[in-house]
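The values are calculated or read from the model by the stated rules, or taken from the named source; none is laboratory data. Note that the structure is predicted; figures quoted are calculated from it, not measured. Cβ: placed from backbone, ideal geometry, glycine included. Neighbour counts: every protein chain shown. Just so you know, the surface numbers come from the protein's heavy atoms only, side chains and all, with ligands and any DNA or RNA stripped out. Shrake-Rupley method; radii C 1.70, N 1.55, O 1.52, S 1.80 Å.
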Amino acid sequence: MTAVTFVLGTYPLVIATGACAVSRRSLGTTVFGGMTLAVVVGTILIPVFFVFTQLIVEKVCRKKTDIKN
């Protein structure tokens, strides 16, 4: 939630106009893109990776117990 608020807070830098807007836009675009990527990785990709890893571990453990029986 805090990261999303931070991303939304940097959005005015991305659409900056006026004096020194070029430097503000470049900084804002970098921060906005980086934090957006971090939010996506942290909230979507890491849990999905965990679930797939857990499924693989369960399949391997199940195969080992089937072989022993």
For Rg and Dmax of the Cα atoms in Å, pick the label among (1) 21.5, 75; (2) 11.9, 42; (3) 10.9, 30 that corresponds to the value derived from the coordinates. (1)
For residue 16, what residues show an amide H to amide H distance below 5 Å, using hydrogens built from the backbone and excluding near sequence neighbours? none
Can you give the calculated 222 nm mean residue ellipticity of the chain, where each DSSP H run of n ≥ 4 adds -39,500 (n - 2.57) and the sum is split over every residue, rounded to the nearest 500 deg cm²/dmol? -27500 deg cm²/dmol
Nearest 20 debye, what's the magnitude of the dipole of the chain about its Cα centre given +1 on Lys and Arg Cβ and -1 on Asp and Glu Cβ? 280
Stretched out fully, how many nm does the piece from residue 52 to residue 2 gain, at 0.36 nm a residue minus the Cα gap? 15.3 nm
Among 16, 26, 51, whose Cα sits farthest toward the positive end of the charge dipole of the chain (+1 at Cβ of Lys/Arg, -1 at Cβ of Asp/Glu, about the Cα centre)? 51
Over the chain, calculate the relative contact order: mean separation of alpha carbon pairs under 8 Å at least 6 apart, over the residue count, as a percent. 27
At 1.4 Å probe radius, can you tell me the per residue accessible area of the stretch 17-69 in Å²? 84
